[in-house]
1. Condition check: out of contact with any strand residue (DSSP E or B) (no Cβ under 7 Å at 6 or more places or on another chain) and of a type in the set (Gly, Ala, Ser). Does residue 80 satisfy that?
2. Within segment 52-66, how many residues are touching a Phe, Trp or Tyr at 6+ places or on another chain (Cβ under 9 Å) and exposed (fewer than 15 other Cβ atoms within 10 Å of the Cβ)?
3. Residues in segment 24-49 that are surrounded by 10 or more Cβ atoms within 10 Å (Cβ to Cβ), on the phi < 0 side of the Ramachandran plot and in a loop (DSSP other than H, G, I, E, B): how many?
4. For residue 103, work out the one condition from (1) assigned to a strand (DSSP E or B); (2) surrounded by fewer than 11 Cβ atoms within 10 Å (Cβ to Cβ) it doesn't fulfil.
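Laboratory data are not the source of any read-out in this text; all were calculated from the coordinates shown. Just so it is clear, the structure is predicted and the values come from calculations on it, not from any experiment. Positions of Cβ are backbone-derived with ideal geometry, glycine not excepted, and every protein chain shown enters the neighbour counts.
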Amino acid sequence: MSNRKLIRPDLGDQRKSSDAPRAVRRKSSPPEQTNAEEFYYLKQMQARTPMVLRLVNGEELRGWVEWYDKAAIKFHRHDAPNLLIPKSSILYLFKEEELRRPVRRKTAAGVPGQAGPRPVDADEEEGDAGESGDAESAD
C-alpha cells in the first residue's frame, strides 16, 4: 500500500459559504408576457373563427380576426367594410358559436351541479313552481 494523505475539507467553511447564496436568492418574478394572447389570436386567425366583438360603447361587431398587433385588431366583417379597431376600445370578444349554445341555469346556491333548490324559470314563478317538488323540468 502507498502512503496517501487523506485531505478533508473543513465542513464549517462550506456551511458558512453555502448559507450566503441562499439568503440572496429570491424567487424570480413571473414573466411579463405569457404569450397566451398571441396563441389565442393566432389560433382564431388560422381557423377564421367567427367572433363577436363588443366595444366599450356597447356596439357589437361580427366577423373574424384577420390581423392584430400590440395596440389594434383588424376585424374582417362578412357584409361590411373591414375595421382596424384599437384594443383600448374593445370591451371583450368571444366566439360566435357561444351565442348558439344553451345557457346553463344556476341553482339558488349559485353553483351548478351542487345540491340545493331546483332553478325556477320565470314562467313557473306564476303559481305552479311549488307543485312539482323535486322533479326536474324537461326543456
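1. yes
2. 1
3. Counting residues in segment 24-49 that are surrounded by 10 or more Cβ atoms within 10 Å (Cβ to Cβ), on the phi < 0 side of the Ramachandran plot and in a loop (DSSP other than H, G, I, E, B) gives 1.
4. The single condition residue 103 does not satisfy is (1).
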